[in-house]
Amino acid sequence: MLVLLEKLCSYGQEHLAQYLKKCNEEEKNSLLAQLQELDFAHLDKLIKEYVVKKPLFTIPDDLAPAPFFPYPAETPEQKEYYKKAEEVGIELLKKGKIGLLTVAGGQGTRLGFDGPKGTYPITPVKKKSLFQYFAEKLTRVSEKYGANLHWFIMTSKINDGATKAFFKENDFFGFPAENIHFFTQGTMPAIGYDGKLLLGGKDTLALSPDGHGGTFLALKKSGSLAMMKELGIEYLSYFQIDNPLVPMADPLFLGLHHLEESEMSSRMLPKTNAKEKLGNFCITKGKLEIIEYSDMPDALAERTNPDGTLSFLAGSPAIHVISCSFVERLTEKGILNLPWHRADKKVPFLDENNNIIKPEEPNAVKLESFIFDALPLAKNPMILEGARSEHFAPTKNPTGVDSVESCREMLSVRDTKRLALAGIRVPENVTVEISPKSVCDEEDAVKVPLKEIHVAEGMFYYE
Ligand code: UTP
């Protein structure tokens, strides 16, 4: 304890040393456990670099748009190559070489929903939760390819218990419980603008998840990576919990990743406008990098090609394939220094009179690392174009852009299109939903017989 108190003082965190002297035994033990996990020398460096002053982002002067495989294929050679890639992807799935990886550790602050985001009732008709929708989709994917697929779900300390309880209460939505693996990401303490770590309560620092870039180390430290190796999993199909439109295991994308010998591949979407809030796929010094929309100067974002299209067209919907060997390589020493990203937040804190203060203005910095910052470290990173209507309906806000509303609308439109493929016509302006246990892609839509269930006025469910 004495050593820790001295350390706190030498790194400018005397307020915590003072607090430890006055709090009760239980509070002290809980706090000590958290403090002992921190690397103060590293944290001090981060505070100086990211908190006390705002890090300046400089745009590399050689920034160029990243090349990508078009989707759908454009030339006969490409069509041939994609056909082969799809066959390879199906083979990988059948052999159980693909693992599903979902990041679900975020705080979902913009959604403002009380509980893990994955428990949000998202589907347009049945209001199935995001977790249920994915679990049912995976049931169909596993059945379709006769594959014993495993689903790895990253939680964080704030939602791990509630997430596991939700799956248990719902009997894992019919998916084999032994094939669902939860692992928990790390945390970072929130830091006040004065460089002091905040207390979030009497027995805890103000902690938050360390960003989806924490996935790599969490996979290693939790033993999930070792488990994947034992199970013979070679590639991870990575997606975010708030995008129910995403195909969980796309044979073409998986097959191309394999054929291109890529360590980390990405789906890209053509941006709808220069300032769309998607990260930009760029090349600098021969490396692939994602430049956040907020860091992209207008002049570059708005630059166009002679045909009028955006030069920096490729935006990131955060859909990747990641090789397990890449995760192993990145984390073999048990550390991974991805860059940190600063977010200014309103963080409730315990003041010197032991009152919880809820600030009205941002008062602290949260540091997060991002999964895409591993791209420059990957060998042969491959990018495949995607289609918004097939791949991306993020649920960030309750209404408006990237919202529950827009997501439900996109799911209904996608399923209406699938019904049309099956020869089923629905009146205009109705909301439809197809059970993902029956149909997981367009091929299914054509082949699988569907039963219509009229749920309510203008609402149809098909299973
Ligand atoms: P977002 O960056 O959109 O964050 O996460 P969020 O927590 O869902 O929502 P806001 O920003 O607080 O409103 C994108 C994906 O990354 C996961 C989220 O669960 C979501 O699937 N994520 C984010 C993590 O798993 N851990 C993190 O630390 C951050």
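FYI, it's all coordinate maths here, none of it is from the lab. If you're wondering where the values come from, they're calculated on a predicted model, not measured in any experiment. A quick note on method: Cβ atoms are made from the backbone with ideal geometry, for glycine too, and the neighbour counts reach across all protein chains shown.
So here's what we get for this one:
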quantity: Where a residue in the stretch 108-120 is in contact (Cβ under 8 Å) with a residue 40 or more places away in the chain and its partner, wherever it lies, is more than 8 Å from the ligand (Cβ to nearest atom) and among the acidic types (Asp, Glu), with Cβ under 9 Å and at least six apart; calculated: Arg110/Asp402; Pro116/Asp160
quantity: Evaluation of Leu217 against (1) buried (at least 20 other Cβ atoms within 10 Å of the Cβ); (2) away from the ligand (no atom under 16 Å from the Cβ) (one fails), failing number; calculated: (2)
quantity: Residue under evaluation Ala378, criteria (1) more than 19 Å from the chain's Cα centre (by Cα); (2) crowded, with 21+ Cβ neighbours inside 10 Å; (3) not hydroxyl-bearing (Ser, Thr, Tyr), criterion not met; calculated: (1)
quantity: Qualifying residue in the stretch 63-77 (condition: within 29 Å of the chain's Cα centre (by Cα), on the phi < 0 side of the Ramachandran plot and surrounded by fewer than 11 Cβ atoms within 10 Å (Cβ to Cβ)); calculated: yes
quantity: Lone unmet requirement of (1) surrounded by fewer than 20 Cβ atoms within 10 Å (Cβ to Cβ); (2) touching a residue at least 24 places away in the same chain (Cβ under 8 Å); (3) in contact with a strand residue (DSSP E or B) (Cβ under 8 Å, 6 or more places away or on another chain); (4) under 26 Å from Glu368 (Cα atoms) for Ala147; calculated: (4)
quantity: Checklist (1) surrounded by 20 or more Cβ atoms within 10 Å (Cβ to Cβ); (2) within 16 Å of the ligand (Cβ to nearest atom); (3) farther than 27 Å from Asn355 by Cα; (4) over 16 Å from the mean Cα position of the chain (by Cα) applied to Phe175, failing item; calculated: (2)
quantity: Top-ranked residue in the stretch 340-362 [being assigned to a strand (DSSP E or B) and among the charged types (D, E, K, R); ranked as nearest to Ala206 (Cα to Cα)]; calculated: Lys345
quantity: Among (1) surrounded by 19 or more Cβ atoms within 10 Å (Cβ to Cβ); (2) closer than 30 Å to Asn24 by Cβ; (3) within 16 Å of the ligand (Cβ to nearest atom) - the single one Ala162 does not satisfy; calculated: (1)
quantity: The stretch 108-131, subset outside any loop (DSSP other than H, G, I, E, B) and not aliphatic (A, V, I, L, M), residue farthest from the ligand (Cβ to nearest atom); calculated: Pro121
quantity: Answer residue from the stretch 178-210, given it is among the aromatic types (Phe, Trp, Tyr) and surrounded by fewer than 19 Cβ atoms within 10 Å (Cβ to Cβ) and is farthest from Lys53 (Cα to Cα) among those; calculated: Phe182
quantity: So Val432, is it more than 26 Å from the chain's Cα centre (by Cα), in contact (Cβ under 8 Å) with a residue 60 or more places away in the chain and away from the ligand (no atom under 16 Å from the Cβ); calculated: yes
quantity: Entirely in the stretch 194-290, the strands (runs of 3 or more DSSP E) that have 1 or more residues that are under 30 Å from Gln13 (Cβ atoms) and over 18 Å from the mean Cα position of the chain (by Cα); calculated: 199-201, 207-209
quantity: Any hit, the stretch 9-31, residues being out of contact with any Asp or Glu (no Cβ under 9 Å at 6 or more places or on another chain), closer than 29 Å to Leu300 by Cβ, surrounded by 11 or more Cβ atoms within 10 Å (Cβ to Cβ) and not aromatic (Phe, Trp, Tyr); calculated: no
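Condition check ((1) touching a Leu at 6+ places or on another chain (Cβ under 9 Å); (2) crowded, with 16+ Cβ neighbours inside 10 Å; (3) over 30 Å from Tyr50 (Cβ atoms)) across all residues:
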| residue | (1), (2), (3) |
| --- | --- |
| Ile371 | yes, yes, no |
| Glu385 | yes, yes, yes |
| Lys396 | yes, yes, no |
| Thr399 | no, no, yes |
| Asp402 | no, yes, no |
| Leu419 | yes, yes, yes |
| Val439 | yes, yes, yes |
| Val448 | no, yes, yes |
